[in-house]
Every structure is written in structure tokens, then in C-alpha cells.
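Data block below; observations after.
Computed from the coordinates by the stated procedures, all read-outs in this text should not be read as laboratory data. Since the structure is predicted, the reported quantities are computational estimates derived from the model, not experimental observations. Neighbour counts are summed over all protein chains in view; Cβ atoms, including those assigned to glycine, are modelled from backbone coordinates with ideal geometry.
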Amino acid sequence: RAMASGHRGHHRDASVVPTQRAFDMITIEAARAIGRADSLGSLEPGKQADLAIVDLDHPHLTPCSDPVFTLVHAAQGFEVDTVVCAGDVVMADREIESFDVDVDDVLERATATAAAIVERTGYT
């Protein structure tokens with residue numbers, strides 16, 4: 001969404017990044033970018049898939065005449081109801097089902113990793 005909005009704003013043209021193109025960029029095009037389009041990036045027999053089921057029954061998502069547009073431009077994340085990773089349901093009814101690690105440890109490691117990346121790249 002940020003990329004599409006940024007380009008639309010910069011060019012002052014809403015058509016510069018069509019909604020379907022933005023969606024493709026985070027699915028099949030991302031898989032192509034890492035050389036894995038044969039096994040990731042689209043729902044096809046034989047490909048790996050992680051799925052997020054989004055509850056579109058929210059006032060800010062209604063009416064939903066174009067689900068792709070709604071996901072790219074209006075959904076905020078809290079609408080995710082169920083998540084399936086490699087065939088395992090990891091969240092159902094907005095409740096995490098399987099998380100075999102300590103959340104505080106994950107947050108601590110994520111913070112340390114981000115700090116290391118910032119230091120290594122010099123990005124501030």
C-alpha cells in the first residue's frame with residue numbers, strides 16, 4: 001500500500017500503480033524477485049502457500065465491490081481472522097493457536113536483529 005500510495009502521490013496519478021499490479025508485486029512478483037515463482041507467489045497445485053483469511057465485514061471495508069482493492073487500500077491488518085502457514089492453522093478466530101516460543105524472547109531477538117541491521121548498514 002505504501003509503495004502504491006507513494007507513487008500515486010508523487011506522480012499525481014492514481015493509475016500509475018493499478019491495484020492488481022500492487023497486489024501482484026507482493027505475491028507472484030515477490031516470488032519472481034527471489035527466484036521462487038515456481039514454488040511460491042500464487043495459489044496453484046504443487047506450490048507452497050501461506051493463507052490469511054480476512055474478515056471483510058467491517059464498516060471501513062463496506063461496501064466491498066472489489067476485494068483486491070479493499071485488501072490493498074483499505075484493510076489495516078486487524079481484520080485478519082485466520083492464518084494458515086504450510087498447512088498448519090496458526091491463528092483461528094483471531095486467536096493464536098500455535099506459538100511454541102516465548103513471545104518476549106521473539107521480541108528481544110527481533111529488536112537485537114533490527115539494531116544489528118541498522119548498525120551494519122549505517123541506516124539511521
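How high is the relative contact order of the chain, in percent, with contacts defined as C-alpha pairs under 8 Å that are six or more residues apart?
Details: 108 pairs, mean separation 19.4, N = 124.
Computed over the chain, the figure is 16 percent.
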* **Of the trypsin sites (Lys or Arg not before Pro) in the range 25-103, those whose Cβ has at most 16 other Cβ within 10 Å and which sit in DSSP loop** => 36, 47, 94
* To do: Sort out for me the Cα centre separation of the range 15-90 from the range 103-124, rounded to whole Å.
  => 27 Å
* Loop sites in the range 29-108: GluC sites (Glu not before Pro), DSSP, at most 14 other Cβ within 10 Å -> 97
* What residue among 103, 40, 91 has its Cα farthest toward the positive end of the dipole of the chain, where the charges are +1 on Lys, Arg and -1 on Asp, Glu, each on the Cβ? -> 40
* Over the chain - Rg/Rh using Cα atoms and the Kirkwood inverse-distance radius -> 1.01
